[in-house]
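Visitor: This is the structure I have questions about; it appears just below.
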Amino acid sequence: MRRSIKRTLVVLSVIGGVLAAGLTTTTTVNAVATATERDRIEPYGQTVVVDDREMNVLIAGEGATDIVLLPGFGTASPALDFEPLVSDLAQDHRVIVVEPFGYGLSDGTDRERTTANIVEEIHEALQVLEVDRYVLMGHSIAGLYAIGYADRYRDEVTAFVGIDTSVPGQPNMDTEFPTGLMSAAKSLGLVRLITGLTGDDLDGLDYDDDAREQMVLVSHRNSLSPTYLDEMTHIRTNFADAAGTSFPQALPLLLFVVADNPVTPDWIDLHERQAADVDDGTVIPIDGEHYLHHTHAPEIADGFRGWEAARALGLE
């Protein structure tokens, strides 16, 4: 029995040594790669000073209507991620992609990632740019933030266009994430290792090799950063605070929504109820997955143009 226990302890010691050596290697590789990658990230857009930090924005195109485009949670580089949609819309609109703190090339922040703070910071960036009348368009969790935004700055926002956006009251938004473990996993290089093994999710999409590489580099920089993790922590409370809220009744809504959401079978119904709460609400189901702007950018752009033209003619 004692000999068996001794052998077991020896085996466990060996395994522990191997794991320690492996984690030392991944940690070192991650630290070296992170430092090297900083110099390989190519700047784009322009920066504005908000709360004594730099926030990155990209402005493209010209037109009578400004569109302010906001990302879904955790989008590494909003400007690059939205590029197919921006290129289409910029043919006849001015498009302003805002990269909130912790996203893209923007600085991080230690300010809490509450809806109120995020909304205030985005608005301050637009004020610096002297953008004061615009359509607000956003993906995923931007739909939740947009409710607070439109309520607070109603005189500036002319409409909201959602791309499979979050809705107050949607299920499973009360999760508490193990952010401490996530932060440790990044520091130990495990996130980089897993990403290297699984690859990105951009295969078959309309991004060239350079854009793909840049998105990966920015993702390594921003993923599970303190700002990212703080926003993740606040998802639960931000949804709780938004319970029972809706867009201003007179604000026109156009919602592009995934037609078949197996995780949330009443996904379309949730958005149709949201659209019914305003005077002019339209829901357009699309056969696709959550990142509709990756795969259906022309459909979204043309759908928006058609909706915009109908409203201008009073046909909505």
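Visitor: Out of all the residues in the stretch 233-275, which are modelled with pLDDT of 95 or more, farther than 19 Å from GLY303 by Cβ and among the aliphatic types (A, V, I, L, M)?
Guide: Hits for the stretch 233-275 are ILE235, ALA240, ALA242, ALA243, ALA250, LEU270.
Visitor: So which of ASP208, ASP200 is within 23 Å of TYR44 (Cβ to Cβ), modelled with pLDDT under 90 and in contact with a helix residue (DSSP H, G or I) (Cβ under 8 Å, 6 or more places away or on another chain)?
Guide: ASP200
Visitor: Out of HIS234, HIS293, report the one residue that is of a type outside the set (S, T, N, Q) and either in contact with a Ser or Thr (Cβ under 9 Å, 6 or more places away or on another chain) or in a loop (DSSP other than H, G, I, E, B) (or both).
Guide: Sole residue among the options that is of a type outside the set (S, T, N, Q) and either in contact with a Ser or Thr (Cβ under 9 Å, 6 or more places away or on another chain) or in a loop (DSSP other than H, G, I, E, B) (or both): HIS234.
Visitor: Of the residues GLY306, GLY288, which is in a loop (DSSP other than H, G, I, E, B), over 27 Å from LEU181 (Cβ atoms), at pLDDT 95 or above and not acidic (Asp, Glu)?
Guide: GLY288
Visitor: Would it be correct to say that VAL283 is surrounded by 17 or more Cβ atoms within 10 Å (Cβ to Cβ), in contact with a His (Cβ under 7 Å, 6 or more places away or on another chain) and more than 23 Å from VAL97 (Cβ to Cβ)?
Guide: yes
Visitor: Surrounded by fewer than 20 Cβ atoms within 10 Å (Cβ to Cβ) and in contact with a helix residue (DSSP H, G or I) (Cβ under 6 Å, 6 or more places away or on another chain): does that describe GLY104?
Guide: Values: surrounded by fewer than 20 Cβ atoms within 10 Å (Cβ to Cβ): no; in contact with a helix residue (DSSP H, G or I) (Cβ under 6 Å, 6 or more places away or on another chain): yes.
When the stated conditions are applied, GLY104 does not pass them.
Visitor: If you go through the stretch 127-138 one residue at a time, do you hit one that is modelled with pLDDT of 95 or more, of a type outside the set (D, E, K, R) and more than 28 Å from ASP280 (Cα to Cα)? Spell out how you get there, then give the answer.
Guide: Going through the stretch 127-138, the residues modelled with pLDDT of 95 or more turn out to be 127-138.
Okay, now just the ones that are also of a type outside the set (D, E, K, R), so 127-129, 131, 134-138.
When the remaining residues are screened for being more than 28 Å from ASP280 (Cα to Cα), the result is 128-129.
Within the stretch 127-138 (the criterion being modelled with pLDDT of 95 or more, of a type outside the set (D, E, K, R) and more than 28 Å from ASP280 (Cα to Cα)), the answer is yes, since at least one residue qualifies.
Visitor: OK, next. Just wondering, is there one or more residues in the stretch 260-275 that are more than 21 Å from the chain's Cα centre (by Cα) and closer than 24 Å to GLN91 by Cα?
Guide: no
Visitor: Identify all residues within the stretch 99-116 that are more than 18 Å from ILE41 (Cα to Cα), outside any loop (DSSP other than H, G, I, E, B) and either touching a residue at least 40 places away in the same chain (Cβ under 8 Å) or touching a Phe, Trp or Tyr at 6+ places or on another chain (Cβ under 7 Å) (or both); write none if there are none.
Guide: THR115, the sole residue that qualifies.
Visitor: So, one more: Got a sec? Which of ALA276, ALA259 is over 16 Å from ASP164 (Cβ atoms) and of a type in the set (Gly, Ala, Ser)?
Guide: Exactly one residue qualifies, and that residue is ALA276.
Visitor: Let me ask something else about it. Just to be sure, is GLY143 out of contact with any Phe, Trp or Tyr (no Cβ under 6 Å at 6 or more places or on another chain) and in contact (Cβ under 8 Å) with a residue 24 or more places away in the chain? Spell out the reasoning first.
Guide: On the way: out of contact with any Phe, Trp or Tyr (no Cβ under 6 Å at 6 or more places or on another chain): yes; in contact (Cβ under 8 Å) with a residue 24 or more places away in the chain: yes.
Here the answer is yes, as GLY143 does meet what is asked.
Visitor: Give the stretch 64-92 a look and list any residue that's assigned to a loop (DSSP other than H, G, I, E, B) and either of a type in the set (Gly, Ala, Ser) or touching a Phe, Trp or Tyr at 6+ places or on another chain (Cβ under 9 Å) (or both), or say none.
Guide: Going residue by residue through the stretch 64-92, those that are assigned to a loop (DSSP other than H, G, I, E, B) are 64-65, 71-77, 82, 90-92.
Listed by number, the residues that qualify are ALA64, THR65, PRO71, GLY72, PHE73, GLY74, THR75, ALA76, SER77, ALA90.
Visitor: Of all residues in the stretch 109-142 being charged (D, E, K, R) and buried (at least 17 other Cβ atoms within 10 Å of the Cβ), which is nearest to the chain's Cα centre (by Cα)?
Guide: Looking at the filtered set, the residue picked out is ARG113.
Visitor: Also: Given the conditions (1) under 24 Å from THR65 (Cβ atoms); (2) touching a residue at least 24 places away in the same chain (Cβ under 8 Å), and given that GLU130 satisfies all but one, which numbered condition is not satisfied?
Guide: Answer for GLU130: the failing condition is (2).
The values are calculated or read from the model by the stated rules, or taken from the named source; none is laboratory data. Fair warning: this is a prediction, and the values are worked out from it, not measured in the lab. Methodologically, a virtual Cβ is constructed for each residue, glycine included, from the backbone with ideal geometry; neighbour enumeration extends over all protein chains shown.
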